[in-house]
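Reading through the structure tokens given below for one structure.
Any read-out appearing in this document is the output of simple, stated calculations on the displayed coordinates, not a laboratory observation. Treat the numbers as computed from the prediction; the structure is a model and nothing was measured. Heads up, the Cβs are rebuilt from the backbone with ideal geometry, glycines too, and the neighbour counts pull from every protein chain shown.
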Amino acid sequence: MAAGVTWHFLLLGGILFFFLPPLVWRFLKNYQRLRILSFLNPLKDPLGTGYNLIQAKIAVGSGQFFGKGLGRGTQSHLKFLPERHTDFIFASLAEELGFLGAVFLILAFG
């Protein structure tokens, strides 16, 4: 097997990947389940639990390749993106610095 990984290890990983999530799901509290479901499908409640994720995606996408320029992000400065200085700092910077700035940021901290 490649990289020294045996078939037994892959089989065990596959079994855990299949059986562990439903088991963990049973022990989650209701608000935790709601957050996971909202993350997976934010358009189900676009004005409620999915609002922040949708606005973050819009902000990142509107930055395009080169960005709008520092301090010129519309999503973040017009308050569509709540808590832009803490929770959504990456989305805010990606809007202002664009794809190139976002890649540089990931490389700098990754």
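Near Gly71, once Lys and Arg are set to +1 and Asp and Glu to -1 for all other residues with Cβ below 14 Å from its Cβ, the sum equals +1. Placing unit charges on C-beta atoms (Lys and Arg positive, Asp and Glu negative, everything else neutral), compute the dipole magnitude of the chain about its Cα centre in debye, rounded to 20. So the dipole magnitude of the chain works out to roughly 280 debye. Magnitude of the charge dipole for the range 45-110, about its Cα centre and with charges confined to Cβ atoms of Lys, Arg (+1) and Asp, Glu (-1), is about 180 debye. Rounded if a/c is under 1.5, else prolate if a/b beats b/c, else oblate: with a ≥ b ≥ c from the C-alpha gyration tensor eigenvalues square-rooted, which is the range 1-40? Verdict is prolate for the range 1-40. On C-alpha positions alone, give me the angle between the axis of helix 30-40 and the longest principal axis of the chain, in degrees, nearest 10. The angle comes out at about 70 degrees.
If you sort the three axes of the alpha carbon gyration tensor as a ≥ b ≥ c, you get a/c of 1.5 or more for the chain and a/b no higher than b/c, which makes it oblate. Estimated purely from DSSP H runs of n ≥ 4, each contributing -39500 (n - 2.57), the mean residue ellipticity at 222 nm for the chain is -20000 deg cm²/dmol once divided by its residues. Global dimensions of the range 45-110 from alpha-carbon coordinates: Rg and Dmax equal 11.3, 35 Å. With unit charges on the beta carbons (Lys and Arg positive, Asp and Glu negative) and the dipole taken about the Cα centre of the chain, which residue among Phe109, Ser62, Ser38 sits farthest to the positive side? Final value for the positive-end residue is Ser38. Taking a sphere under 15 Å around the Cβ of Leu93 and counting the other residues whose Cβ falls inside, with K and R at +1 and D and E at -1, yields a net charge of 0.
Report note on the peptides 90-102, 56-68, 19-31, 39-51: ranked by the mean count of other C-beta atoms within 10 Å, highest first, their order is 90-102, 56-68, 39-51, 19-31.
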